[in-house]
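Engineer: The structure follows.
The values are calculated or read from the model by the stated rules, or taken from the named source; none is laboratory data. Values in this document were obtained by computation on a predicted structure and should not be read as measured data. Here Cβ is always computed from backbone atoms with ideal geometry, including for glycine, and neighbour counts include all displayed protein chains. Remember, those area values only see protein heavy atoms, side chains included, never the ligands or the DNA or RNA. Shrake-Rupley method; radii C 1.70, N 1.55, O 1.52, S 1.80 Å.
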Amino acid sequence: PDIMDFIECKNDTSSFQNFNISVALNGSFLDVLKRDGEIQLNYRGFPFKSRIKVKDIFNKICHQAWQNGEPGVLFLDTINKANQTPWLGHIFATNPCGEMPLLAWESCDLGSINLSKFVEDGKIKEDRLKEVVFIATRFLDDVIDINKYPRIQIERKTKLTRKVGLGVMGWADMLGKMGIAYDSEEALKLAERVLGIIKENAYKASQKYGREKGYCFKVLGRRNTCLITIAPTGTLSILADCSSGIEPFFSKSYSRELLNGVKLEFGANYTNMKTALEISLEMHVRMQAAFQKYTDNAVSKTINLPEEATQEQVQEAILLAYELGC
């Protein structure tokens, strides 16, 4: 019932600034939107008297995202189609950046491979990438056992499902080193190829470690229920001096000031390099969809639009993302 207030909550710049907010949508919501219908507001299954036009909710989401970048959206039906353990429950929430759908009491255990380190003479070092995937998968799985948990419920659930989220950063750097434009069909094909290699070998690693150490669920035949996640890697990519997540370069040069006053300078100069605002809305979403094909969990992705962008373009991006299976 308080959905409209929630959508607008970050208009108050003094609150809620340290995490992202998203609204959960599903296919039935979008079906009602197409026929310009109404829905019954409810709280935990208990209906309220008021009904509301779906278009009013969706327009509010798009307006706020156009105005200040939030809320994002999550497609809960798409998420639950990929739920590896439906017998444990329905997924209805994610971690704060949206890339890790979680059951009650689960935690997220993320790590990202810097793809810029796997290009030599314009070609991908596939053998080395496969080797690193095995190491990274084992490392993330070991974190589950060595970690200290704040609540016993979190420890039990995390050790039951053993979800890990191996992802990537430095994608724009990899493309730059290979002379491939971010907004090209070649880049989309390469995205599927690279993440396909990572997923295949992460699963092989989890099967191997399952045989050695025990399976999370024998029916799955591996040690971890989920293995692949694309996180935003905002801080990690700064530490690794590479582009963040699967994003294009935000700018050809920029600086960031840290809390201690230290200023870090960043710059990149590759052939065919386009910055985030030079890439079309459609190609931003298609890149997300390409990575989603080989991602167990979700993909954290920003669609950068120029200042003159319209609210209708935000709406177009959301609907295209759903259509492409994000």
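Engineer: May I ask for the distance between the Cα centers of the range 159-236 and the range 68-147, given as a whole number of Å?
Structural biologist: 7
Engineer: Related question: Give the accessible surface of the chain per residue, rounded to a whole number of Å², with probe radius 1.4 Å and ligands, DNA and RNA excluded.
Structural biologist: 53
Engineer: For Rg and Dmax of the Cα atoms in Å, several values are listed as (1) 19.2, 58; (2) 44.5, 187; (3) 20.5, 65; flag the one computed from this structure.
Structural biologist: Derived directly from the coordinates: (3).
Engineer: Starting from the 7 Å offset along Cα-to-Cβ, what nm value, one decimal, do you get for the label separation of Asn272 and Ser14?
Structural biologist: Label-label distance for Asn272 and Ser14, simple model: 5.1 nm.
Engineer: Once label points are set 7 Å from the Cα along Cα→Cβ at both Ile3 and Asp145, what is their separation, rounded to one decimal in nm?
Structural biologist: Taking the simple label geometry, Ile3 and Asp145 are separated by 4.5 nm.
Engineer: Please give me the summed charge of the neighbours of Ala172: other residues whose Cβ is under 15 Å from its Cβ, Lys and Arg +1, Asp and Glu -1. Provide the component values of the computation, followed by the final result.
Structural biologist: On the way: positive: Lys117, Lys177, Lys252, Lys274, Lys301; negative: Asp173, Asp183, Glu186, Asp241, Glu247, Glu278.
Taking every other residue near Ala172 into account, the sum is -1.
Engineer: How charged is the neighbourhood of Glu257? Take every other residue with its Cβ under 11 Å from the Cβ of Glu257, and add Lys/Arg as +1 and Asp/Glu as -1.
Structural biologist: Taking every other residue near Glu257 into account, the sum is +1.
Engineer: Within 10 Å of each candidate Cβ there may be at most 13 other Cβ atoms; applying that plus a DSSP loop requirement, which trypsin sites (Lys or Arg not before Pro) in the range 1-37 survive?
Structural biologist: Arg35
Engineer: On to the next question. On full extension of the chain, what length is gained from Ile21 through Glu312, given 0.36 nm per residue of separation minus the C-alpha to C-alpha distance?
Structural biologist: Details: separation 291, 0.36 × 291 = 104.76 nm, distance 2.06 nm.
Between Ile21 and Glu312, full extension yields 102.7 nm more.
Engineer: Take the solvent-accessible surface of the protein heavy atoms, probe 1.4 Å, and return the percent of it on the range 21-179 that carbon and sulfur atoms account for. Can you show the working numbers first?
Structural biologist: On the way: 4450 of 8260 Å².
Carbon and sulfur atoms account for 54 percent of the accessible area of the range 21-179.
Engineer: Among all the aspartates and glutamates, which ones have a C-alpha under 16 Å from Lys53's C-alpha, if same-chain residues fewer than 8 places away are not counted?
Structural biologist: Asp2, Asp5, Asp31, Asp36, Glu38
Engineer: What is the extension gain from Arg128 to Glu265, computed as 0.36 nm multiplied by their sequence separation minus the C-alpha to C-alpha distance, in nm to one decimal? All intermediate terms of the calculation are to be shown ahead of the outcome.
Structural biologist: Working: separation 137, 0.36 × 137 = 49.32 nm, distance 2.98 nm.
Additional length available on full extension: 46.3 nm.
Engineer: Do the sum for the chain: with -39,500 (n - 2.57) for every DSSP H run of n ≥ 4, divided by all residues, what is the mean residue ellipticity at 222 nm, to the nearest 500 deg cm²/dmol?
Structural biologist: Details: 11 runs with 134 residues, N = 326.
Rounded to the nearest 500, it is -13000 deg cm²/dmol.
Engineer: Assuming 0.36 nm per residue, please report the length gained on full extension of the stretch Gln207 to Ile154 beyond their Cα-Cα distance.
Structural biologist: Answer, rounded to one decimal: 16.7 nm.
Engineer: With the cut-off at 28 Å, tell me which of the pairs Lys159/Lys189; Lys199/Lys301; Lys117/Lys293; Lys189/Lys274; Lys10/Lys199 have Cα atoms farther apart than that.
Structural biologist: Too far apart for the 28 Å limit: Lys159/Lys189; Lys10/Lys199.
Engineer: Summing +1 for each Lys or Arg and -1 for each Asp or Glu, what net charge is found among the other residues whose Cβ lies under 11 Å from the Cβ of Ile7? Please report the intermediate quantities before stating the final value.
Structural biologist: Details: positive: Lys10, Lys60; negative: Asp2, Asp5, Glu8, Asp56, Glu70.
Local charge sum for Ile7: -3.
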